[in-house]
Amino acid sequence: PKVRNVVFTAIGLTCMMLVGSVEFAQGPGLYELPLFADETGVVGVVSVWNSPQNLHIKMIPNAEWRIVDTQSYVGTLEELPIKKGQPDMGKFPIKEDYGDQPQIMYDLVLDLKDDLDFSWGQKTADERTRVAAVHAKLVLVDPDTGWAVPDEDGNLIYDDAWAKGPYFIGDTHNSWYL
């Protein structure tokens, strides 16, 4: 019984450390990127990985933020919508608008073949390579209640955030792709 209690305690502590951490397990094909807001800095994490059939993008903001809407692009670099050196988010093909029901998580699953015209074994890098750009509008909330927190004038506090990948989009220094 003592050994069993020690094992369950160790498992419980491990689970608490995993749940309490912003970091997720890293592995082949898994990219963990900071969710970076214009005004606030790092406000969460974006995970990108693939299975044999799907590409997964999961955005989880910190407890004090909720997702109001998202715009995502996955495709070739040449087709990434840019206008006057800035990302043209209105032309990003994947959009979610949560209206007055801001979300704690964004979870996008795309079929590699049907949605991205990708199949394993393509011979050239151009045929195999896809880029992703993920943007969200966030609203500040009370982490205990989930209710939006207004500023001193009664206005809700919003911030724009991007998955902070290794490359800037166009001429910007506040929007990225991977």
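Where a number appears in this text, it was derived from the coordinates with a stated rule and is not lab data. As the structure is a computational prediction, the values presented were derived from the model and not from experiment. Glycine also receives a Cβ, built like all others from the backbone with ideal geometry; neighbour counts cover every protein chain displayed.
List of remarks:
- Radius 13 Å from Cβ of Ile82, net charge of other residues (Lys, Arg +1; Asp, Glu -1): -1
- Close amide H pairs (under 5 Å, H built 1.01 Å from N) link Val42 with Ala37, residues at least 5 positions away or on another chain.
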